1. When the residues of the range 304-357 are filtered to those that are touching a Lys or Arg at 6+ places or on another chain (Cβ under 6 Å) and either touching a residue at least 24 places away in the same chain (Cβ under 8 Å) or assigned to a helix (DSSP H, G or I) (or both), which remaining residue is surrounded by the fewest Cβ atoms within 10 Å (Cβ to Cβ)?
2. Within the range 21-59, take every residue that is closer than 23 Å to residue 1 by Cβ and of a type in the set (Lys, Arg) and give me the one that is surrounded by the most Cβ atoms within 10 Å (Cβ to Cβ).
3. For the range 252-287, name all the residues that are among the polar types (S, T, N, Q) and over 16 Å from residue 304 (Cβ atoms).
4. When you look at residue 266, is it hydrophobic (A, V, I, L, M, F, W, C) and touching a residue at least 60 places away in the same chain (Cβ under 8 Å), yes or no?
5. Restricting to the range 31-64, and then to whatever is among the small types (Gly, Ala, Ser) and assigned to a strand (DSSP E or B), can you tell me which residue is nearest to the chain's Cα centre (by Cα)?
6. Between a first residue in the range 222-240 that is over 16 Å from residue 148 (Cα atoms) and a second residue that is buried (at least 19 other Cβ atoms within 10 Å of the Cβ) and aromatic (Phe, Trp, Tyr), which pairs have beta carbons less than 8 Å apart while being 6 or more apart in sequence or on different chains?
7. Restricting to the range 281-303, name every residue that is within 13 Å of the ligand (Cβ to nearest atom) and part of a helix (DSSP H, G or I).
8. Across the range 321-342, which residue is farthest from the ligand (Cβ to nearest atom) among those that are touching a Cys at 6+ places or on another chain (Cβ under 8 Å) and more than 21 Å from residue 189 (Cβ to Cβ)?
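Since every read-out is calculated from the coordinates, none of them should be taken as a lab result. Quick caveat, the model's predicted, so the values are computed rather than measured. We place every Cβ from the backbone using ideal geometry, glycine too, and count neighbours over all the protein chains shown.
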Amino acid sequence: MNILVLNCGSSSVKYQFINPEKSRVLTSGVVERIGMSDAVLRNKRFDDHEIVISGEILDHGIAIDYILAVLLSKNHGVIKDKKEIDAIGHRVVHGGETFTESVLITGDVVKGIRDNIDLAPLHNPHNLRGITACIDHLPETPQVAVFDTAFHQQMPNHAYLYGLPYSLYKRYKIRRYGFHGTSHRYVSARAAKLMDKPLESLKLITCHLGNGCSMAAISGGVSIDTSMGFTPLEGLLMGTRSGDMDPSVILYIMAKEELSSSEANALLNKHSGLMGISGISSDMRDVLEGARDGEKQAIVAFDIFCYRIKKYIGAYVAALGGIDAIIYTGGIGENSSEVRSRSLSGLSHIGITIDDEMNMLSRKEKKITKDGSPVAVFVIPTNEELMIAYDTMEIVKSSSTEKITD
Ligand code: ADP
């Protein structure tokens, strides 16, 4: 099966054309600056052949047109007929409480995604635009929605409810949703494979550390708690987001600095985190460089970043009632041996001792604890697109079987 995986943002569409049975990416690319006269499509085929097209791409429908044209192109493409696209998998950011797993897209599903726009006004409308464009362009091709929030929908209410009047949860659905679910699910399943144990038997902590950062406590393959909340702002320190803090702080700052709610929102989401503390950059590479050069604010940003991870590990070991493995993923989790070793330091009393040599190895997927260590620690590159392709394939296969047996 060949699956087109789409991730539609406000002005971009990222795509991969994947054969999930072979875990093979046939082609991948991105369309950027949608809505502008100087939009760009960059496409890279499996054989590293690249093409860049620029011009006016005014909406997501036209972007999809271009992507299809490249896939079908004689010189740059990988297929001869649209029918070779067996299905389309869409990343959708927010499924609210409506979607607890990936689903085949129907009219009701489109309505469900639309109904959750309030919860993700910056994302769901663009995800929907991609879906409706594909329905227009490829009406015969089955489509599947894979939600960032769905994996966390089985959390117990003691993990997802806030200490606010319950009526606010009932009225506005204010609760912890959690994000990065596709990544947490992918790396947890991959860790079980590497451990050669059934996922159902394992207690895992997954750390997705990219520009946005979140952790999840996963018991028997089910996310029982996660650090991001109602929005991606809660939890760990991130590139530009503050993560956890006393909510009164923001009320106090708003009063002192006479900030509007949108200014306060920008302060918390765009000017805080590594950026706000280091004053250097939101990029961990720059912060690490600053720290190596002895810059005080870079050192403290690094310290806070790692301390928060360690604190969540402690909390999640307690929530899980034990721990078999910890997994690091995302740009920082996959690449920074310093972040891994610092955030895991001083945890030998709970069975966590990393192997420094393995931690430094440049191999992408690796175990960084010695065989026989009570808790295994893995570095596993995330692959949300492959997970979306797997889900899409499974759902399309089972829905066509249902049709046959109907
Ligand atoms: P996104 O969340 O946007 O997908 P990524 O998962 O690519 O982002 O992660 C981006 C982060 O990864 C940045 O903070 C970047 O500095 C960090 N990163 C990438 N490579 C390294 C590296 N070699 N060492 C430390 N941090 C790295």
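1. Per the criteria, the residue is 322.
2. The extreme case among them is 45.
3. Answer for the range 252-287, where residues must be among the polar types (S, T, N, Q) and over 16 Å from residue 304 (Cβ atoms): 260, 261, 262, 265, 269.
4. Here the answer is no, as residue 266 does not meet what is asked.
5. 39
6. Here the result reads 235/312; 236/305; 236/312; 237/305, each pair linking the range 222-240 to a residue that is buried (at least 19 other Cβ atoms within 10 Å of the Cβ) and aromatic (Phe, Trp, Tyr).
7. Result: 284, 285, 286, 287, 288, 289, 290, 291, 292, 298, 301, 302.
8. Among those residues, the one meeting the criterion is 342.
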